[in-house]
Amino acid sequence: MKKRIVAGNWKLYITDSTRAKKITSTLKRAAKSYSGVSVVLMPAAPLISTVSAAAGTGISVGSQTLSGFGEGAYTGYLSAESVRNAGATWTLIGHSEQRAREIEQMPAAGITDDMAAQQIHAAHAAGLSVMLCVGEVERDPQGAHFGTIATQLTSALKDVTKSGLKLAIAYEPVWAIGKSSSEAMKPADLEEMVIFIRKTLTDIFDRSVAVKIPILYGGSVDGTNVHDLLAQGGVAGFLVGRASTDAASFLEIIRAVGQQSR
Ligand code: PGA
């Protein structure tokens with residue numbers, strides 16, 4: 001069976017290196033027991049090298065974003081090469097907290113689908129695996145959210161070729177992020193969306209490529225809802241925000257996924 005993925009998006013919840021090292025070391029010891037699970041930690045950029053040093057080989061590290069630019073006069077941007085050199089092998093791209101339409105306080109800021117496409121190109125050129133986040137702001141009774149997801153996928157992946165593809169999709173409905181576990185997506189709805197995403201990926205690439213791309217779910221995942229989401233949702237793993245910032249809570253999720261992978 002292919003390895004499942006459990007990724008922790010630390011956002012700006014964890015800002016000091018002592019805490020980052022402690023959580024990473026705890027997870028590293030425990031992750032050894034679950035060989036069917038690939039654990040990825042995505043700390044804020046200044047902590048990537050710290051987490052990567054503490055993680056060793058058992059845990060992978062990723063950045064929460066990067067820019068589409070390489071070396072040059074780009075003050076304040078994060079290049080794919082720089083995060084790779086700091087120890088990252090993954091990057092998140094297109095998280096809703098980075099996308100233009102979601103940032104209410106800064107309407108003009110944030111990335112567009114075109115920028116996500118450039119970032120994917122830069123990430124692949126530097127050898128990073130991409131976790132592309134897609135998700136609708138609201139569910140629409142007529143099903144318009146399926147169109148939103150198809151547009152996000154096709155725009156971001158428009159220039160991506162099949163060769164050298166290192167991609168996972170993280171489906172994160174915006175309405176389910178940062179809530180309580182009971183407000184996460186229902187497993188049956190998730191299953192339907194996973195089938196739709198797989199079909200869209202088949203249209204973009206082809207079936208042989210699409211079946212190999214892991215589709216993860218994110219949005220208020222914790223130890224209480226992880227079992228049902230995994231058993232019925234049809235996902236290959238999870239992208240976890242808040243519950244990944246506490247070693248015990250994150251381990252509950254890793255354990256649940258690890259046990260179902262045996
Ligand atoms: P959450 O965040 O688990 O806190 O809902 C998920 C995410 O935004 O990646």
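Each row is one residue, and each column tells you yes or no for (1) part of a loop (DSSP other than H, G, I, E, B); (2) closer than 20 Å to Ile5 by Cα.
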{"site": "Thr57", "(1), (2)": "yes, yes"}
{"site": "Thr65", "(1), (2)": "yes, yes"}
{"site": "Gly68", "(1), (2)": "yes, no"}
{"site": "Gly72", "(1), (2)": "yes, no"}
{"site": "Met115", "(1), (2)": "no, no"}
{"site": "Met131", "(1), (2)": "no, yes"}
{"site": "Arg139", "(1), (2)": "yes, no"}
{"site": "Gln142", "(1), (2)": "yes, no"}
{"site": "His145", "(1), (2)": "no, no"}
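Among the residues of the stretch 66-101, the ones that are within 22 Å of Glu136 (Cβ to Cβ) and within 16 Å of the ligand (Cβ to nearest atom) come to 9 in all. Considering (1) surrounded by fewer than 17 Cβ atoms within 10 Å (Cβ to Cβ); (2) within 18 Å of the chain's Cα centre (by Cα); (3) away from the ligand (no atom under 16 Å from the Cβ); (4) over 18 Å from Met131 (Cβ atoms), the lone condition that Lys179 does not fulfil carries the number (3). Here's a check for you: in the stretch 220-262, which residue that is of a type in the set (D, E, K, R) and not in a helix (DSSP H, G or I) is surrounded by the most Cβ atoms within 10 Å (Cβ to Cβ)? Step by step, filter the stretch 220-262, then rank; the result is Asp222. Suppose the filter is away from the ligand (no atom under 16 Å from the Cβ), within 30 Å of Ala231 (Cα to Cα), crowded, with 19+ Cβ neighbours inside 10 Å and basic (Lys, Arg); does Arg29 pass it? No.
Of the residues in the stretch 128-142, at least one is away from the ligand (no atom under 16 Å from the Cβ) and over 24 Å from Lys199 (Cβ atoms). On the stretch given as the stretch 65-88, residues that are touching a Ser or Thr at 6+ places or on another chain (Cβ under 8 Å) and either within 22 Å of Leu239 (Cβ to Cβ) or not hydrophobic (A, V, I, L, M, F, W, C) (or both) total 14. Quick check on the stretch 182-192: of everything there that is in contact (Cβ under 8 Å) with a residue 40 or more places away in the chain and within 13 Å of the ligand (Cβ to nearest atom), which residue is surrounded by the fewest Cβ atoms within 10 Å (Cβ to Cβ)? Out of the qualifying residues, it is Ser182.
Scanning the stretch 193-233 for residues that are more than 14 Å from the ligand (Cβ to nearest atom), in contact with a Phe, Trp or Tyr (Cβ under 9 Å, 6 or more places away or on another chain) and more than 20 Å from Ser155 (Cα to Cα) turns up Leu230, Gly233. Listed conditions (1) hydrophobic (A, V, I, L, M, F, W, C); (2) more than 17 Å from His227 (Cα to Cα); (3) free of Cβ contacts under 8 Å to residues at least 60 places away in the same chain; (4) away from the ligand (no atom under 16 Å from the Cβ) are all met by Ile169, apart from (4).
If you go through the stretch 126-143 and keep only what is closer than 21 Å to Lys212 by Cβ, surrounded by fewer than 21 Cβ atoms within 10 Å (Cβ to Cβ) and either free of Cβ contacts under 8 Å to residues at least 24 places away in the same chain or not hydroxyl-bearing (Ser, Thr, Tyr) (or both), you end up with just Gly127.
Among the residues making up the stretch 32-53, those that are surrounded by fewer than 22 Cβ atoms within 10 Å (Cβ to Cβ), in contact (Cβ under 8 Å) with a residue 12 or more places away in the chain and in a helix (DSSP H, G or I) are Ala45, Ser49, Thr50, Ser52, Ala53.
Rule-based calculations on the coordinates, nothing more; no lab input. What you are looking at is a predicted structure, and each value in this text was computed from that prediction instead of being measured. Glycine also receives a Cβ, built like all others from the backbone with ideal geometry; neighbour counts cover every protein chain displayed.
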